[in-house]
Structure formats: C-alpha cells, structure tokens
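J.: First, the structure itself, so that you have it in front of you.
A short reminder: the numbers here are calculations on the coordinates, not readings from a lab. Just so we're clear, the structure is a prediction, and the values are computed from it rather than from any experiment. Here the Cβ positions follow ideal geometry from the backbone for every residue, glycine too, while neighbour counts run over all protein chains shown.
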Amino acid sequence: MTWHGKNVYAEVIVFFAGAPFPTLMATPPRRLVVIGAGPAGLTAAFEAQRSGFDVIVLEKDPVYVGGISRTVRHQGNRFDIGGHRFFSKSDEIMRWWKERLPDDFIQVRRMSRIYYHGKFFDYPLKPWNALCNLGLLTSTACVLSYVWAQLLPRKPERSFEDWVSNRFGRRLFNIFFKTYTVKVWGLPCSQISADWAAQRIQGLSLFKAILNAFRGAPKARGSAVIKTLIDTFDYPRFGPGQMWEKVAADFQAAGGQLHLGMQAIKLAQHNHRVIAVEAVPAGGARRRFEADHFIVSMPLQETVQALDPALPPAVEAAARKLGYRDFLTVVLVLEGENPFPDNWIYIHEPTVRLGRIQNFKNWSTAMVARPGITCLGLEYFCFAGDDLWTMPDKDLIELGKRELAQLGLARPEQVKDGIVVRMEKAYPIYDPGYQENVQVIRAELAKIANLQVVGRNGMHKYNNQDHSMMTAMLAVKNLQGDRYNLWNVNTDAEYQEAVYDADDAGGRQVPRSLRND
C-alpha cells in the first residue's frame with residue numbers, strides 16, 4: 001500500500017508541533033536479568049540472548065563463573081570443585097556442549113574406588129574384588145542380608161537408610177553407604193529423605209550391580225544406561241570451568257552484560273511481577289537492574305528472603321527450614337609419582353574426616369602445570385561456621401597431609417604446595433519435611449508471573465549439571481510462550497517434549513515428562 005509514493009507499512013511520519021519524527025523503530029528487545037553465572041544461569045543467558053533478549057547476568061563471585069562447576073587456578077594448576085563428568089541422556093545437551101568446545105573434549109575412562117578399612121573396593125562392583133576384600137564369611141552375610149531385604153523390605157520407604165537397605169541389604173548399607181553418607185550430609189541416614197538416593201542411584205540395586213559387573217554397562221546411546229555405572233565420559237581438556245568461561249566470553253562478545261562480584265539482595269515486586277533486582281558489589285554502592293523477566297539460580301532460600309514486599313510468613317518460615325551442606329576442598333600439589341590411578345576415591349574410612357579425593361591429573365593431564373607433579377583435591381563436607389569451615393587454611397592443609405598419609409596414599413614430604421577453596425550451599429539437603437517446604441514455596445512463586453527459578457540451588461533439587469542446564473533451556477522457551485513445568489526436570493529425566501504426563505508432585509520419583517499442558 002502506498003500513499004503519495006511512500007510505503008505506509010515501511011515508514012510512518014508523525015507530526016508534532018509541525019515537525020516530523022524519524023521513522024519508528026521496531027519494538028526493542030525485552031530485557032532479562034539472570035541471577036547466577038553457574039551452568040543454569042549462563043545457559044539461560046546464552047539461550048535467551050540467541051532468542052533476541054537483552055540479557056544482564058549478576059554473579060556474586062568476583063572472579064569465577066561456573067558456580068560449583070568452575071575450575072580454579074593456582075600456580076598453573078587447575079582443579080574442580082568436585083569432579084564433573086560431561087555425560088547426559090539428552091542429545092540436545094550433548095550437542096550444546098560440543099558446539100561450545102568443538103575441539104577441546106577428551107574421552108576419559110572412569111576409574112573410581114571405595115577405600116574402607118585399609119582396602120580398595122572397585123566401583124562399580126566387581127564380585128571377585130569384593131569377595132577377596134570382604135572375605136567369604138562377610139560376603140556370604142551380605143548376600144543373605146540382601147535376600148532378607150527382598151523378602152521383608154522396609155515399609156514405608158521414607159529414609160535414605162530404608163531405600164538403600166531395601167536394595168542392597170542392611171549389611172552392605174552399614175559397610176559401604178552409612179559412613180560416607182553421614183560425612184556428606186552431616187545427618188544420620190534415618191534423617192535423610194529417600195529422595196536423594198532415588199535421584200542419585202535410581203535404577204541400581206545389588207543384583208543389577210553384580211549383573212553389570214559380569215556383562216558390562218550398556219554402551220549404546222539408546223539403551224537404558226544407569227548413570228551411576230557409566231564407564232567413560234567426556235571432559236573439557238582444561239576442566240569444566242573451560243566450558244563456562246567460553247559461554248561467558250561468547251555471551252559478552254555478543255553484547256551481553258556480565259557483572260561479577262555483584263550480589264543480589266532484593267527482588268522488588270509489584271502486582272505479582274518482579275520489577276527490579278537490587279544488587280551490591282563488594283565495597284560498592286547498591287545498583288538497581290530493571291527488566292521484563294527474571295531467571296534466578298541463587299539458592300531458593302535466598303530468593304524467598306530477597307522478595308520485597310515479603311512473601312507470607314508461612315512461606316518465609318518454609319524457606320528458613322531449607323537446609324544446605326557446605327563444602328571445602330584442600331588442594332595439595334604433590335611432587336613425584338602419581339599416587340593412584342583413580343579419577344576419584346570415596347573414603348568410607350570412619351577414622352578420617354576426609355570424604356572424597358579427586359586426582360585431577362587423571363581427569364586430564366592438562367590440569368597440572370608440568371610433568372612430575374600431581375594435583376589432589378581432598379574434599380571435606382561441613383556446615384558454614386563449624387570447626388572445619390572456620391579452621392585456618394594452613395591447619396586444613398596440615399590436616400589433609402596427615403590424613404593422606406594415614407590412608408597410605410602419599411607421604412607428607414611429597415606435598416609441595418596447597419590451597420583451600422570453600423563453597424557455601426554446595427548441596428541442598430533432602431531432610432524430612434523438605435518436600436513440603438519446597439511445595440509451599442513453589443505455590444507462592446507460581447503467582448509471580450515473570451519469575452522463574454532454575455538449577456540445583458535455585459530449585460533446591462539435587463540436579464546434575466545437565467539437568468540444571470535443561471531447566472534453564474526450558475525457562476527460556478517459556479519466555480517465548482511455551483508452558484513447561486521446570487520442576488519436572490529430574491536427575492534421570494529423558495527430556496522428551498512429546499511425552500505428556502501428570503505433574504511431578506514433589507520430585508520424589510523421576511518424571512516422564514517436562515511439559516505441563
């Protein structure tokens with residue numbers, strides 16, 4: 001359509017006080033604020049940016065991105081906060097990773113063992129190894145205990161202790177699960193919800209573990225792989241942080257704003273919508289970031305506490321009840337021969353406080369500064385403020401050296417350097433009542449139209465890296481008009497969008513669908 005030679009669809013002239021304005025521009029991109037630059041936050045930011053959003057990311061750490069999936073550097077050495085395998089049942093996630101780092105993935109063969117009473121037990125289980133280490137009488141007792149559990153299982157199955165005892169027998173529970181689990185969570189196994197076991201070792205039992213040991217884990221992409229038993233995985237050459245540093249760099253190169261050292265302290269809301277985030281840099285003045293949409297991956301407890309006006313008292317009370325386990329890594333640089341071939345070792349030995357040891361050189365040789373040294377990560381689980389958390393770094397390094405020698409893995413004189421890294425709220429705790437508390441919070445947050453929570457801490461859900469990423473991807477799809485229920489993403493979900501099923505009422509069982517129509 002033309003008028004006086006001009007296409008009125010291409011140009012609109014508006015007269016005001018006798019002077020024409022320039023041609024009107026297209027609607028500006030909607031603005032999104034993402035809180036947190038871990039796997040969930042950066043995935044959300046990257047995907048939203050590709051979809052045309054103007055994105056701002058706020059991260060409270062002043063140096064690193066990646067959250068618990070960061071890679072820390074020290075004197076040319078690199079180490080993870082825990083080990084992070086790049087394995088997923090989702091082809092979409094696998095492709096996403098490879099697109100970011102097409103030339104920097106290596107294939108790592110998994111080797112992990114359990115250290116218990118001075119002996120190493122292969123994990124996944126190898127019957128001959130377990131038989132030799134436990135002895136014939138103890139092994140027979142374990143099998144009989146398992147048979148007894150099948151005949152008379154614990155009901156109702158509420159606690160971690162119930163769940164494991166029903167699938168492995170009471171005897172194996174006491175040997176291989178009890179001590180380590182108490183170290184990790186700081187709670188008796190009878191006070192830990194069965195949900196954690198159902199998510200972390202879903203589909204595994206003593207029978208399946210033994211069967212797997214004889215025939216080997218299925219390798220085909222389409223087969224039902226039990227994640228606990230995968231024997232190879234992808235890994236970035238320079239650690240998981242390499243992935244998230246690349247995503248952050250690409251995001252910024254495309255015009256995205258990433259603010260490190262910026263802690264969100266207030267989510268201002270009005271008429272059931274968040275209108276702005278207020279955040280403070282270390283030693284700086286408070287800043288306000290307004291947006292149309294908000295995706296939050298900081299701990300769910302902190303999200304509730306940041307909302308202003310405050311949520312109803314019952315919701316704030318539910319948030320205060322959410323528990324978190326904190327975590328610190330004592331990194332020791334050893335001179336000489338590599339002390340063991342494992343990627344990591346679970347320390348079930350009750351005489352030491354050490355929970356797990358990572359050998360980063362065995363993940364990738366590029367993680368160490370030079371040949372002839374090994375970088376070990378000694379993992380201690382604790383609560384912020386307890387004796388481990390507040391122990392001076394030099395004392396923690398001495399504790400690590402002492403316990404490493406006690407286990408017979410290295411001599412103190414081999415240790416040439418050390419550093420300590422603390423990580424608050426590393427693990428959401430699945431204690432009794434946590435489901436009810438999360439449900440109360442979920443119901444209230446659902447009333448806020450433009451706020452979505454994603455990721456492990458954002459949802460108080462023990463997700464792996466790939467599942468945290470999937471919650472973020474679906475959150476971005478929701479910004480574009482879809483209606484995915486992010487709470488249906490769980491540790492073993494297949495991510496099939498075409499499957500529709502009932503909503504996941506509390507995260508206890510692995511859901512079959514993601515979408516809530």
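J.: Mind ranking 272-282, 149-159 by how tightly packed they are, going by the mean number of other C-beta atoms within 10 angstrom, highest first?
T.: Ranking the peptides 272-282, 149-159 by packing returns 272-282, 149-159.
J.: With contacts defined as alpha carbon pairs under 8 Å and 6 or more residues apart, what's the relative contact order of the range 91-201 in percent?
T.: Details: 98 pairs, mean separation 20.3, N = 111.
Relative contact order, the range 91-201: 18 percent.
J.: Go through the range 286-373 and name the trypsin sites (Lys or Arg not before Pro) that are in a DSSP coil and have 11 or fewer other Cβ atoms within 10 Å of their Cβ. Don't jump to the answer; show the numbers that get you there.
T.: Details: sites: Arg286, Arg287, Arg288, Arg320, Lys321, Arg325, Arg353, Arg356, Lys361; in loops: Arg286, Arg353.
Hits after loop and neighbour filter: Arg286.
J.: What trypsin sites (Lys or Arg not before Pro) in the range 409-474 are in a loop by DSSP, with at most 16 other Cβ atoms within 10 Å of the Cβ?
T.: Lys447
J.: Quick one: 3J(HN,Hα) in Hz for the range 463-479, Karplus 6.51/-1.76/1.60 with θ = phi - 60°, rounded, Gly and Pro as x.
T.: Running phi through 6.51 cos²θ - 1.76 cosθ + 1.60 with θ = phi - 60° gives 7, 7, 4, 5, 6, 4, 4, 5, 4, 5, 4, 6, 4, 5, 4, 5, 4 Hz.
J.: Which whole-number percent is the relative contact order of the range 273-430 (Cα, under 8 Å, 6+ apart)? Could the numbers behind the result be given before it?
T.: Working: 243 pairs, mean separation 43.9, N = 158.
Result for the range 273-430 is 28 percent.
J.: By count of other Cβ within 10 Å, fewest leading, how are His74, His270, His467, His348 ordered?
T.: Going from sparsest to densest Cβ surroundings: His270, His74, His348, His467.
J.: Determine, for each peptide in 469-478, 52-61, the mean count of other beta carbons within 10 angstrom over its residues, then list the peptides with the highest first.
T.: The most tightly packed comes first, giving 469-478, 52-61.
J.: Which ³J(HN,Hα) values in Hz, rounded to whole numbers, follow from the phi angles of the range 320-337 under the Karplus curve 6.51 cos²θ - 1.76 cosθ + 1.60, where θ = phi - 60° and Gly and Pro get x?
T.: After applying 6.51 cos²θ - 1.76 cosθ + 1.60, I find 5, 7, 5, x, 9, 9, 9, 7, 9, 10, 9, 8, 10, 9, 10, 9, x, 5 Hz.
J.: Using a 7 Å offset from the Cα along the Cα-to-Cβ direction at both Arg288 and Ala384, what is the distance between the two label points in nm, to one decimal?
T.: 2.7 nm
J.: So if I restrict to the alpha-carbon atoms in the range 309-442, what is the Rg, and what is Dmax, the biggest pairwise distance, in Å?
T.: 18.7, 59
J.: Alpha carbon centre of the range 347-390 versus the range 47-84: separation in Å?
T.: Distance between centres, Cα-based: 21 Å.
J.: Under unit Cβ charges (Lys, Arg +1; Asp, Glu -1), what dipole magnitude, rounded to 20 debye, does the range 324-428 have relative to its Cα centre?
T.: On the way: 12 positive and 15 negative charges, 41 e Å.
With only Lys, Arg, Asp and Glu charged at Cβ, the dipole is about 200 debye.
J.: So, one more: If you average the alpha carbon positions of the range 137-177 and of the range 85-133, how far apart do those two centres end up, in angstrom?
T.: Going from one Cα centre to the other spans 25 Å.
J.: Starting from 0.36 nm per residue, how many nanometres of slack lie between Thr138 and Leu151 once their C-alpha separation is accounted for?
T.: Details: separation 13, 0.36 × 13 = 4.68 nm, distance 2.00 nm.
Separation in residues times 0.36 nm, less the Cα-Cα distance, equals 2.7 nm.
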